[in-house]
1. Farthest toward the dipole's positive end in the chain, which of 150, 49, 34, given Cβ charges of +1 (Lys, Arg) and -1 (Asp, Glu) about the Cα centre?
2. Of all the accessible heavy-atom surface of the chain, with the other protein chains kept in place and a 1.4 Å probe, what percent is carbon and sulfur?
3. Quote the relative contact order of region 1-78 in percent (integer), defining contacts as alpha-carbon pairs under 8 Å separated by 6+ residues.
4. In square angstrom, what is the accessible area per residue of the chain with a 1.4 angstrom probe?
5. For the pair residue 62 and residue 103, how long in nm is the line joining their label points, each one 7 Å along Cα→Cβ?
6. With springs connecting C-alpha atoms under 10 Å apart, model the chain as a Gaussian network and identify which of 116, 213, 15 has the largest mean-square fluctuation.
7. Give the separation of the Cα centroids, region 67-130 to region 146-225, in Å.
8. Just to be sure I understand the model, the point goes 7 Å from the Cα along the line to the Cβ. What's the resulting residue 29 to residue 219 distance in nm?
Amino acid sequence: LQTMMDVIKFVLDNTFIKDLDGMLWQQKLGIPMGDPHSPGMTIGACAWMEKEWVSSLATDVRSSFRAARYMDDILMVIAKHDRFDHERFLLDFQKSECYWPPLTLEDAKEDTFLETTFSLRGNSLRYWLKNDNTITNPTKIWRYAHFRSYATLEMKKKILKATLLKLHNMASDDGVLCESAIDKLLEFKGLGYPPGIIASACGAVAVRTRNTTWFRIRNSVVHTS
C-alpha cells in the first residue's frame, strides 16, 4: 500500500506533456491526463468519499436505496415507502455533498447507464444494449464501417457475430432482445451487409445461445426491405 501511495504522489507532481511545437508543460492540478494510474486513482477517491457519506446515513436510509458506480457514471435505485422521504434524499444527493469540490454530479438520461438502456415499471426491471440508431432514426450515430470498406470478410463476420452476442448477453428477456437486435441488424443492413451473412450470423448465435428467438429475429430482418 505504501508503494502505491508513493507512486500516486509521484505522478501527481511529475506529469509533463510535450506539445506539437516541442514545448514541455507540467500539469499542476488534477489527476494526470492520460496516465495509466488515473482510472485507479479516480475509482479509489470516489469510493472513499462514498464510503464516508454512506457511513453518515441512518440504517433505515441505507436500506432504502442501492447505487452502483463505474468510473464517473452512477446508477441509483430508490425505494418509495412511507418510512422514507425519497424526494428529499434524492435532492440532497444531487447537491453533490457526497463528493469533495470540485467534483459535482451532472444529470444524465434517466433510462441509461453506461452502454445499457433500462426500463423500470413497478418492481420489474428490463434492460438491453443502448442503441441510438433505431428504425425511426437509423443513422443518428455511425459505429461500424460499411461492408465495402477495406477489411477481410472474416473480420466483418466476426464483428457482426460479436455484436449479436453482446446484444444477447445484455438483454433481460427475449422481448427486448428481439426489439434491440432488429434495430441493430437493420443498422448493419443499411451498411450493406448482405442478407445471407446476417442470416448466417443469427443462426450461429441461435445455436451458441440455444435461444430460438434469433430465428425470429433473422426472419424479421432478412425479409425487411
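The values are calculated or read from the model by the stated rules, or taken from the named source; none is laboratory data. Keep in mind that what you see is a predicted model, and the values were worked out from it rather than measured. Ideal geometry is used to build each Cβ from the backbone, glycine not excepted, and the neighbour counts take in all protein chains shown. Surface accessibility is based on the protein's heavy atoms, side chains included, excluding ligands, DNA and RNA. Shrake-Rupley method; radii C 1.70, N 1.55, O 1.52, S 1.80 Å.
1. 150
2. 57
3. Across region 1-78, relative contact order equals 16 percent.
4. Working: 15730 Å² over 225 residues.
Value returned for the chain: 70 Å² of accessible area per residue.
5. Output for this residue pair reads 1.9 nm.
6. Checking each option, the largest mean-square fluctuation is seen for 15.
7. 32
8. 6.2
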